[in-house]
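Quick notes on the structure that follows.
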């Protein structure tokens, strides 16, 4: 949420949108020249170059042949499964990108830091009359922040979308929200 609500051009790295993790590569399957020359030091890039898992099939829908590198945990972390799950990482990225396109303040507006502390980061994005407050709980514990009055446009907790926020904004662990102020 942080990346797509800040100024600038966001960069989403391969697999990040579905929550792909680095895949451990057994020594006999290593392809990266650096890792082959100096095995075990971790210089190779193979763990981040595994095939994109499009589905849960044995080759992840990436190929009908034998993939160059092994697939990671693709039984549930794959594009097809995440496309059907409204709570998935892919769904969150899609909603954030759509919100970024719908709210010009997220692309060209000003940014003002509001609070940084106790594991909570909040900032306001403005463009013309549009005011958006982004609040991120970076901890694994519930936190609260100043709400300022508005409506939740997007939350990592789907049930909060559309919720009215008054003076106090209660956040769950690792929760992020985008609030349209004055709505």
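The values are calculated or read from the model by the stated rules, or taken from the named source; none is laboratory data. As the structure is a computational prediction, the values presented were derived from the model and not from experiment. Positions of Cβ are backbone-derived with ideal geometry, glycine not excepted, and every protein chain shown enters the neighbour counts.
Is it the case that residue 23 is in contact with a helix residue (DSSP H, G or I) (Cβ under 7 Å, 6 or more places away or on another chain) and part of a loop (DSSP other than H, G, I, E, B)? Judged against the criteria, residue 23 is a match.
One line per residue, one yes/no per condition, for (1) in the same structural domain as residue 54 (by TED's automatic domain parsing); (2) closer than 22 Å to residue 142 by Cβ; (3) at pLDDT 95 or above:
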{"site": "83", "(1), (2), (3)": "no, no, yes"}
{"site": "93", "(1), (2), (3)": "no, no, yes"}
{"site": "96", "(1), (2), (3)": "no, no, yes"}
{"site": "104", "(1), (2), (3)": "no, no, yes"}
{"site": "107", "(1), (2), (3)": "no, no, no"}
{"site": "117", "(1), (2), (3)": "no, yes, no"}
{"site": "124", "(1), (2), (3)": "no, no, yes"}
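Counted as qualifying within the stretch 98-183 are the strands (runs of 3 or more DSSP E) with 2 or more residues that are surrounded by 19 or more Cβ atoms within 10 Å (Cβ to Cβ) and in contact with a helix residue (DSSP H, G or I) (Cβ under 7 Å, 6 or more places away or on another chain), namely 130-137, 150-155, 176-181. From the list 73, 17, 82, the one residue that fits, being assigned to a helix (DSSP H, G or I) and over 26 Å from residue 180 (Cβ atoms), is 82. Could we say that residue 58 is more than 18 Å from the chain's Cα centre (by Cα), exposed (fewer than 13 other Cβ atoms within 10 Å of the Cβ) and more than 25 Å from residue 161 (Cβ to Cβ) here? For residue 58, the condition - more than 18 Å from the chain's Cα centre (by Cα), exposed (fewer than 13 other Cβ atoms within 10 Å of the Cβ) and more than 25 Å from residue 161 (Cβ to Cβ) - is met.
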